Each structure stands twice: as C-alpha cells, then as structure tokens.
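See structure below.
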Amino acid sequence: MTCAPYSRKNNGMDKPVAKDRKYLHLAAPRGFCAGVDRAVRIVEVALEKFGAPVYVRHEIVHNRTVVDGLAAKGAVFVRELDEVPEGAPVVFSAHGVARSVVEEADNRNMIAVDATCPLVTKVHVETRRHAAQRKHVLLIGHAGHPEVEGTMGQVEAGDITLIETVEDARTVTPPEDAELAFATQTTLSVDDTAEIISVLQFRFPEITGPRGEDICYATTNRQNAVKHIAPQCDIVLVVGAENSSNSKRLVEVATRAGAASGRLVADRSAIDWDEIDAASHIGLSAGASAPESLVHEIIDEMRERYDLQLDEDALVEETMSFKLPPILTRQA
C-alpha cells in the first residue's frame with residue numbers, strides 16, 4: 001500500500017491529502033554565462049594567489065548569493081577605489097569600468113585584475129575605435145547601469161550619447177555634420193534593441209553598426225528559451241536580482257511571448273506561493289548572473305508542495321568559455 005505524500009489534521013485525525021499536480025517548464029539555457037563564470041573564478045583565484053582580503057569594485061555580478069559567498073571567502077566589495085588601500089589587489093567587476101578607474105588604480109599602485117566580460121570589452125574597443133575615427137557614438141542602453149557607465153567612460157563625454165528608448169531614437173539630435181556609429185549594452189531585450197536600431201538606421205542611413213552583434217550570445221539564448229516556454233505558462237518565474245538588467249528583460253520577454261504573468265524572484269523565499277497555487281503551468285528561468293543552485297532550491301520546494309511534472313527542452317548547448325587574465329595565470 002502506498003502512503004499519500006503528506007497528511008493534514010482533520011477533526012483530530014490524520015487524513016491523506018493529495019498534492020496538486022503542477023507542470024514546470026524549465027527554460028534552457030539559463031543561469032550563469034561564460035562571462036559571469038569567469039568573473040566569479042577570477043575573484044576565487046585572486047584570493048588563492050594574493051590571499052584575503054581581495055577588494056572588488058562594485059558587485060562582481062548582480063547576484064546577492066554570489067556576492068555573499070565570495071565575501072565569506074575574503075572578498076571585500078567597495079563602491080569606489082578610495083576605499084581600497086594603496087597597493088592592494090582589486091578586481092574590476094564583470095560589467096566593466098571607465099578608463100579613469102583603470103588609471104586611478106594604476107596611479108595608486110594597485111594590483112588591478114580586470115574581470116570585465118570579454119564581450120563587454122569588445123564593445124569598449126568598438127566605442128574607442130569609433131571615437132578615434134571622429135564618429136559620434138549613440139549607445140543604446142539603460143542609464144545608471146554599470147556596464148553603460150563603463151562604456152561611456154571609454155571616450156570623452158562629448159563623443160557619446162545614450163539612447164534608452166525608441167522615443168530617444170526618434171528625437172536624438174547628434175552634433176551637426178558628425179559621422180555616427182551605434183553600440184549597445186550587452187544585456188538588452190533583443191526585440192526592443194532591434195526596434196531602436198531600425199529607427200536610428202532610418203533617420204541616419206549612414207550610421208555605422210558594430211562588426212558583430214553587441215547583445216551577447218547568452219542574453220539572446222536565454223530570451224529565446226523563455227520565448228519557447230512562455231506561451232504555455234500561467235506564470236514564468238525568473239531567478240535574478242532587481243539590479244540585473246538581463247534578468248529583468250527575461251520577465252518582460254516572458255509576458256510579451258504569451259505568459260499570463262511573469263515574476264522576478266531573488267530565490268525561493270521571494271516566491272508568492274499563492275500565485276503558484278493558482279497556476280497549473282509554471283515556467284522557470286534564471287538570469288545570467290544567477291547560480292543554478294537557486295533554481296534547484298525552487299524545484300525542490302515545488303516538489304515538496306506539489307505533484308510536479310517537469311520538462312526541459314534545451315534549445316542550444318552553450319560551450320563558450322573565457323580564459324582567466326594573465327595576471328592570475330602567470331607564474332611568480
């Protein structure tokens with residue numbers, strides 16, 4: 001005889017209660033991308049090489065679980081370099097930094113380790129190249145995001161203009177007679193960015209674009225995976241932080257692609273379980289800076305609560321990896 005999964009008190013007697021059946025649709029790929037994995041490994045290897053403390057300017061990636069885990073190992077997170085002792089090792093976050101930050105670290109004899117994602121570095125190089133060719137750069141991105149601040153800090157302030165929306169693209173007034181180029185933040189909505197680029201190219205037919213796609217492969221893959229599962233979902237949960245651009249875009253993509261609703265959750269404790277109780281088909285994804293452990297914790301919690309039927313259909317297999325910077329790999 002098979003016992004019911006759990007029981008509930010009823011008039012002083014244990015009465016078996018069957019779990020509600022739920023269908024969980026896992027988006028794949030999801031979670032850590034190669035740039036985030038590299039950045040986390042850089043901090044870990046720096047701690048091994050230099051010993052604690054190793055200072056990190058800003059969150060290495062936008063995820064509290066990751067940051068807290070590295071802090072427990074001896075990483076010290078700071079907002080600016082004036083909080084770092086002269087000569088100490090300091091890691092620049094995966095989002096990249098302005099050239100002035102690199103110069104400040106050099107002037108203060110710090111052991112600077114650059115964890116900027118190589119795909120962000122590619123945008124930095126393109127932006128500097130455009131400016132060297134005397135082109136004015138229109139940067140598509142979100143104001144205040146550290147990646148945008150780092151990219152805008154590659155050139156003089158008068159050489160670059162931020163475009164956040166389609167309306168900005170329609171109304172921007174570049175310097176008169178300037179040749180134009182555009183670049184984009186790597187973690188934007190693919191569809192929104194395409195619309196903005198279309199407006200810019202219509203208004204400025206001679207505008208120069210990047211040699212390759214600026215929006216990174218991981219952002220594109222995760223958005224496509226969410227689009228794949230969204231139409232059958234009553235709700236799509238995206239594991240990620242409030243300050244994670246790529247995670248927030250996944251929620252937007254889910255609802256546009258047909259999900260009845262979408263929610264950004266930091267971890268299982270942030271889930272509104274009443275909403276999940278009311279749903280039959282649930283989608284689950286994770287932003288590029290969210291560790292897979294958080295996804296598994298949510299799945300485990302759902303298995304405790306429900307009769308869970310899980311499916312996962314990976315659209316692509318990601319094999320990208322990036323090398324650690326030479327400062328960490330060269331022998332003493």
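The values are calculated or read from the model by the stated rules, or taken from the named source; none is laboratory data. All values reported here derive from a predicted model rather than from experimental measurement. Positions of Cβ are generated from backbone atoms using ideal geometry, with glycine treated the same way; all protein chains shown enter the neighbour counts.
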| field | Per-region count, the stretch 273-298, residues over 21 Å from the mean Cα position of the chain (by Cα) and in contact (Cβ under 8 Å) with a residue 40 or more places away in the chain | value | 8
| Taking the stated definitions as given, is Val97 in contact with a helix residue (DSSP H, G or I) (Cβ under 8 Å, 6 or more places away or on another chain), surrounded by 20 or more Cβ atoms within 10 Å (Cβ to Cβ) and at negative phi? | yes
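Any chance the stretch 321-332 includes a residue that's within 18 Å of Gln223 (Cα to Cα) and hydrophobic (A, V, I, L, M, F, W, C)?
Within the stretch 321-332, none of the residues are within 18 Å of Gln223 (Cα to Cα) and hydrophobic (A, V, I, L, M, F, W, C).
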| request: Can you tell me which residue within the stretch 145-157, out of those that are in a helix (DSSP H, G or I) and in contact (Cβ under 8 Å) with a residue 12 or more places away in the chain, is surrounded by the fewest Cβ atoms within 10 Å (Cβ to Cβ)? | output: Glu149
| Can we say Ala178 is touching a residue at least 24 places away in the same chain (Cβ under 8 Å), in the same structural domain as Arg128 (by TED's automatic domain parsing) and touching an Asp or Glu at 6+ places or on another chain (Cβ under 6 Å)? | no
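Any idea which residue in the stretch 312-332 is nearest to the chain's Cα centre (by Cα), counting only those that are surrounded by 10 or more Cβ atoms within 10 Å (Cβ to Cβ) and acidic (Asp, Glu)? Write out each step before concluding.
Step one: of the stretch 312-332, the residues surrounded by 10 or more Cβ atoms within 10 Å (Cβ to Cβ) are 312-316, 318, 320, 322, 324-325, 327-329.
Narrowing further to those that are acidic (Asp, Glu): 312-313, 318.
Values: Glu312: 21, Asp313: 22, Glu318: 16 Å.
Looking at residues that are surrounded by 10 or more Cβ atoms within 10 Å (Cβ to Cβ) and acidic (Asp, Glu), I get Glu318.
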| field | Neighbours by Cβ (under 8 Å, 6+ apart or cross-chain): first from the stretch 19-39, touching a residue at least 60 places away in the same chain (Cβ under 8 Å) and under 16 Å from Glu297 (Cβ atoms); second surrounded by 23 or more Cβ atoms within 10 Å (Cβ to Cβ) and basic (Lys, Arg) | value | Arg30/Arg222
| If we scan the stretch 164-184, do we find a residue that is polar (S, T, N, Q), modelled with pLDDT of 95 or more and over 21 Å from the mean Cα position of the chain (by Cα)? | yes
| If you check every pair at least six apart or on different chains, which have Cβ atoms under 8 Å apart with a residue in the stretch 54-65 that is free of Cβ contacts under 8 Å to residues at least 24 places away in the same chain first and a residue that is surrounded by fewer than 24 Cβ atoms within 10 Å (Cβ to Cβ) second? | none
